[in-house]
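Below you'll find the structure, written out as structure tokens, and then a few comments.
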Amino acid sequence: MNPSHEARATSTVSFAVNGELRNVRVHPMERLLDVLRNELGLTGAKEGCGEGECGSCSVLMDGLLVNSCLVPVAQADGSNVVTIEGIAARSLLHPLQQAFLESGGAQCGICTPGMILAAVHLLEKKPQPTPAEIREGLAGNLCRCTGYTQIFEAVAKAVQPRVAR
Amino acid sequence: MRADPTDYKLVSPGSLQGVLSLLSAEPKRWLPIAGGTDVMVLYSAGKLPNRNLVNLWNVPELRQLEVFPDRIRIGATCTYSSLRNHAIVSREFPLLATAASWTGGIANQNRGTLGGNIANASPAADSLPALLVYDAELTLVSLRGERRVPYREFHTGYKKTVLAPDELIRDISLPRRFSGYVTYTRKVGARNAQAISKVCLAALGRIANGVIQDVHLALGSVAPIPLRLTETEQLLIAKKIHSSLFGTVRRTLIQEIRPIDDIRSTARYRTAVAGNLVVEFLGKLTAESARS
Ligand SMILES: Cc1cc2nc3c(=O)[nH]c(=O)nc-3n(C[C@H](O)[C@H](O)[C@H](O)COP(=O)(O)OP(=O)(O)OC[C@H]3O[C@@H](n4cnc5c(N)ncnc54)[C@H](O)[C@@H]3O)c2cc1C
């Protein structure tokens, strides 16, 4: 057995979190969600189901939406992670955050960080989504308060109007 | 009970050679983890029996999707998102692109891999019927060498496969010869996103002068393994599609499938729906062939 392959009890994981380089000594099988919340104090990502069904732990990893409860932190090594804490520009809310506020897209707030990151991811890939694409983009994020209508409205509202030519 | 990470080990050799060396040295000890969307669910629930995991996510050799004139070769850790977003996959292999779009929400599609779906070997997995009808071929690799296995020979029983403990799935090849075919796929489940199928059909076919020249049918969730319906296909070859044929089609199909009652559905419902889906496909095959 090659000892360099044997993991020690802990190892160092280096990744960028909200633009800042972080080195954390953790066990490689810690879930990214727990490292964000417990080691880095970023409690925006929530644990709902813990099995990838509800989306409340969604974060962006290298620009892609992932459920952080299903990512062993070693797989985030070298990546660029963005959480809900990282999307506002200082005190200026992200347009999606503003739209969620204005449309009543957030109630109890548990799903909101994941919903907003799923919406950020959607608009990144599809700047002008159809209503069906908005629904599909958020289909992995469950909300038990709003009935979704206000959430879909918030996303539609945040879509940049197409520049007239 | 939540798992305690310190009971586990996760190593990241970072190269195919490195992973294969581990598997070869201690074959039954190491469980590969790709996107983790099956493995981590068990782990989180404290139900993952394997304590030693080896990371495939950062192995570049498994990530490539290569296009050749006669086939495409999909690296085992290509994700559902990468498949859906690939121009040739969505144009020439729509059944696979559609199945990818069903596999959980977007976050799941960004992590879940085709190789993981195959190795996990659930009879309800959504991309497997598509691989069956496209005549997929797998490359399995170990330090002993490589071997190619037709995908239809990969599953040998419920959650049993021909994969040896020191082997990985390296890639999945699909021949590029189905572009002129009429295709059909439908997943019947409680909900479209995030619901496991009760029945899933993938089908493709070609008609000339009103007569079926070629037809491939595969069903998920109706047997211990994803099932290619060879006898029903045989019955259909060289036939004209007419409603008088549908009774025989249903009877032949019933002989081939082995559905069960479980929490998601009943054997009776699955049998009826499987027949309905094949009949619906034959309707589409007739309609689209008449149009072209
Ligand atoms: C919320 C949610 C919804 C889901 N919905 C669906 C759905 O609708 N339809 C569906 O079919 N599935 C669904 N799944 C299951 C899962 O996403 C798929 O089976 C996925 O393809 C697994 O891939 P992975 O890379 O995440 O696998 P992992 O969890 O990393 O691995 C799964 C198994 O495959 C083995 N393995 C992985 N790669 C290889 C390889 N290259 N060689 C050998 N062995 C390998 C692992 O050792 C493990 O045994 C869902 C999962 C979740 C969490």
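The values are calculated or read from the model by the stated rules, or taken from the named source; none is laboratory data. Keep in mind it's a predicted model, so treat the numbers as computed, not measured. Here the Cβ is made from the backbone with ideal geometry for all residues, glycine too, and neighbour counts use every protein chain on show. All accessible areas refer to the heavy atoms of the entire protein, side chains included, with ligands and DNA or RNA removed. Shrake-Rupley method; radii C 1.70, N 1.55, O 1.52, S 1.80 Å.
Residues in the stretch B:122-161 that are within 13 Å of the ligand (Cβ to nearest atom) and among the β-branched types (Val, Ile, Thr): B:THR139, B:VAL141, B:VAL149, B:THR161.
Quick test for you: out of B:ASN50, B:ASN58, pick the one residue that is closer than 30 Å to B:SER21 by Cβ and either free of Cβ contacts under 8 Å to residues at least 40 places away in the same chain or in a helix (DSSP H, G or I) (or both). After applying the criteria, what remains is B:ASN50. One residue stands out among those in the stretch A:69-101 that are polar (S, T, N, Q) and open to solvent by 70 Å² or more (accessible area, probe 1.4 Å): the one that is nearest to the other protein chains (Cβ to nearest Cβ), which is A:ASN80.
Screening the candidates B:PHE246, B:PHE281 for the property of being of a type outside the set (A, V, I, L, M), assigned to a helix (DSSP H, G or I) and open to solvent by less than 30 Å² (accessible area, probe 1.4 Å) yields one hit, B:PHE281.
I'd like the residue in the stretch A:111-165 that is in a loop (DSSP other than H, G, I, E, B) and among the basic types (Lys, Arg) and, out of all such residues, is least open to solvent (accessible area, probe 1.4 Å). Checking each candidate, the answer is A:LYS126. No other residue among A:ALA45, A:ALA16 is within 14 Å of chain B (Cβ to nearest Cβ) and at pLDDT 95 or above apart from A:ALA45. Restricting the first member to the stretch A:32-52 and to residues that are outside the structural domain of A:ALA76 (by TED's automatic domain parsing) and away from the ligand (no atom under 16 Å from the Cβ), and the second to residues that are outside any helix (DSSP H, G or I) and among the aromatic types (Phe, Trp, Tyr), no beta-carbon pair is closer than 8 Å while six or more apart or on different chains. For first residues located in the stretch B:26-47 and more than 10 Å from chain A (Cβ to nearest Cβ), partners that are assigned to a loop (DSSP other than H, G, I, E, B) and crowded, with 21+ Cβ neighbours inside 10 Å and lie 6+ apart or on another chain with Cβ distances below 6 Å form the pairs B:PRO32/B:LEU56.
Restricting attention to the stretch B:166-183 and to residues that are part of a loop (DSSP other than H, G, I, E, B) and within 16 Å of the ligand (Cβ to nearest atom), the residue that is nearest to the other protein chains (Cβ to nearest Cβ) turns out to be B:ASP166.
Matching residues to (1) touching a residue at least 12 places away in the same chain (Cβ under 8 Å); (2) farther than 25 Å from B:ASN117 by Cα; (3) small (Gly, Ala, Ser):
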residue	(1), (2), (3)
B:PHE246	yes, yes, no
B:ILE257	yes, no, no
B:VAL278	yes, no, no
B:THR286	yes, yes, no
B:SER289	yes, yes, yes
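For A:ALA74, the conditions (1) hydrophobic (A, V, I, L, M, F, W, C); (2) in contact (Cβ under 8 Å) with a residue 60 or more places away in the chain; (3) closer than 20 Å to A:THR43 by Cβ are fulfilled apart from (3).
The condition (being among the small types (Gly, Ala, Ser), open to solvent by less than 10 Å² (accessible area, probe 1.4 Å) and either near the ligand (Cβ under 10 Å from one of its atoms) or within 14 Å of chain A (Cβ to nearest Cβ) (or both)) is satisfied by just one residue among B:ALA119, B:ALA99: B:ALA99. For the stretch B:14-34, a residue qualifies if it is open to solvent by less than 30 Å² (accessible area, probe 1.4 Å), outside any helix (DSSP H, G or I) and of a type outside the set (A, V, I, L, M, F, W, C), and exactly one does: B:GLY14.
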